[in-house]
Amino acid sequence: MSFASQLSDYFLLLDDSVFCAPNFISHIQREVNTLMSESWVLLEFSNMGFLGKLFHSRHLPLLAHFLLLFYREKPLGQLIPHFRTLLAQKDVILSRPFLFYHRISYSVLNDNQKAPAFQRHPQAPDNPPGTVFTDMKVFEAHAPWQAYTLDESFFWTYNVSGGSHLTVILNHPANLRRVQVLTGSIMDGKHTLQWGQVELGYDPEDEPQRCGSFALLGPLLQGQMDQEIVMKSMGYNVSCVRLVAKASQLGGLMIRHIHLWQENAKGLS
């Protein structure tokens, strides 16, 4: 940080193992231009720790000194918000959609992908390989498939129409025992799907790729669902998992996770 203080007007703090949204510099530039008339110390483009934090470079010498003094007392992710308040920025300026997130785990997209060598937690979701389709508005920064990854990425859209859907079509039918769907921001609970339901699809068809029949698994409550499949026959030979908006809603929608657990799934090693 000390070295970078004379290199540019702004300093963006990132981490390793990070996914950056396409055109993230343009997104940040637009946000900076929007706030040109306001006084700010820290802009945040991620809700994870110290990832995606933007500073004025003129503050870097003071920030570097502050971190050197107190890095043994608190983690970096706690010191940076404290630094912001010391420089009189009371409120968090958190831009959405988020532009950065960690690749904590791995993305499940097709049969040919290989997971890295790590031990999966026994209670972690399985998310068998599949493809994600939607008729909702799609943006470059957050694609539909990001709702089905096992990391912190998500799908972002807005002004959803009633009847629109996001559907995971599995490469091979699965025997599911649990389905979890999470919408909305983990920070403040905003941008949830207010009226939605989850359906399980059967009888896969190749042209066009879809399922021939669907059965209702249940509604979302406050934008969330985490449901064990009680009827074993219902979870068997599932080829599609579909999230459906039951009514139109204005504003942003964040589909954070679609997590699936298979019966007798083998752990990764």
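Every read-out reported here was derived from the displayed coordinates using simple, explicitly stated rules and does not represent laboratory data. These numbers come from a predicted model, not from an experiment. Note that we place each Cβ from the backbone using ideal geometry, even for glycine, and neighbour counts take in every protein chain shown.
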Hey, does segment 65-88 have a residue that's outside any helix (DSSP H, G or I) and either closer than 23 Å to ASP9 by Cβ or small (Gly, Ala, Ser) (or both)? yes
For segment 1-32, name all the residues that are assigned to a loop (DSSP other than H, G, I, E, B) and either of a type outside the set (Gly, Ala, Ser) or surrounded by 16 or more Cβ atoms within 10 Å (Cβ to Cβ) (or both). MET1, LEU7, ASP9, LEU14, ASP15, ASP16, ALA21, PRO22, ASN23
